[in-house]
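The values are calculated or read from the model by the stated rules, or taken from the named source; none is laboratory data. Owing to the predicted nature of the structure, the values given are computational and were not obtained by experimental measurement. Heads up, the Cβs are rebuilt from the backbone with ideal geometry, glycines too, and the neighbour counts pull from every protein chain shown.
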Amino acid sequence: MDCMIKIANETLPQSCLCYLAFRVAFMETLERIVLADQIDERNLRHFGYLTEVPFLQAVPPHVQLDLLAETWAKHTSADPNVASLVDESVIYAACETAALVVDRDPSAVARYLKQGPLDVLVEADTFLASELRSLHLNLGNEGDFLMISQFEDMPPREAEYMKEKFGLDHDRIEGMFEVLGRWHHSEQFLANLENLLSEKEIARVAFDLNIESPV
């Protein structure tokens, strides 16, 4: 399977490490959604892997999963895809979240990888955490998605000036604002999870999130 999502002039590698980052970020967020629903606290605070990107902290956790699935589908597609700023945010946040899980709760890594479509055995240690962070650092993106939140409290004219100064593309930024308005899963959400989750796991996700499953 060819890797077909590009950031700047770099291609996100199709590797076990990339699979691990996406899967751990997805499963950790899903687990917290289920727990929050059980104790009726989902709306009391922001959580999920995408909170690693300040501008996107308010994105609902179930939408975060949808965005991760969209980026994963681009990554595993046979067609070439240029990463949007949202894709860059997802990749960064997934790598950072997976690294944090390795650092804080290494035993969880084996649990999240268990019964997945790929048989991956790793030692959850500081080296793995470093490798996960290097995965996004080596892509050569400029981290524009981390800068956007700095302009939110500025007067509009000053914010526009600063965006131009830093060379931020208006169309790419607009995609970040659109994400903030999303509430429902996309129609392709479950299909986009192919090769990241097993069919049984996808059916379970549909049940947990109350989505009609095609599986």
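Side notes on the structure shown:
- Residue within segment 131-152 that is among the polar types (S, T, N, Q), assigned to a helix (DSSP H, G or I), at pLDDT below 90 and surrounded by 11 or more Cβ atoms within 10 Å (Cβ to Cβ) present: yes
- Residues within segment 179-215 that are outside any loop (DSSP other than H, G, I, E, B), β-branched (Val, Ile, Thr) and closer than 29 Å to residue 54 by Cβ, tallied: 2
- Long-range neighbours under 9 Å by Cβ, at least six apart or interchain, first residue of a type in the set (Gly, Ala, Ser) within segment 109-121, second crowded, with 16+ Cβ neighbours inside 10 Å and part of a loop (DSSP other than H, G, I, E, B): 110/122; 110/124; 116/196; 116/198
- Every residue from segment 72-86 that is surrounded by fewer than 24 Cβ atoms within 10 Å (Cβ to Cβ) and not basic (Lys, Arg): 73, 76, 77, 78, 79, 80, 81, 82, 83, 84, 85, 86
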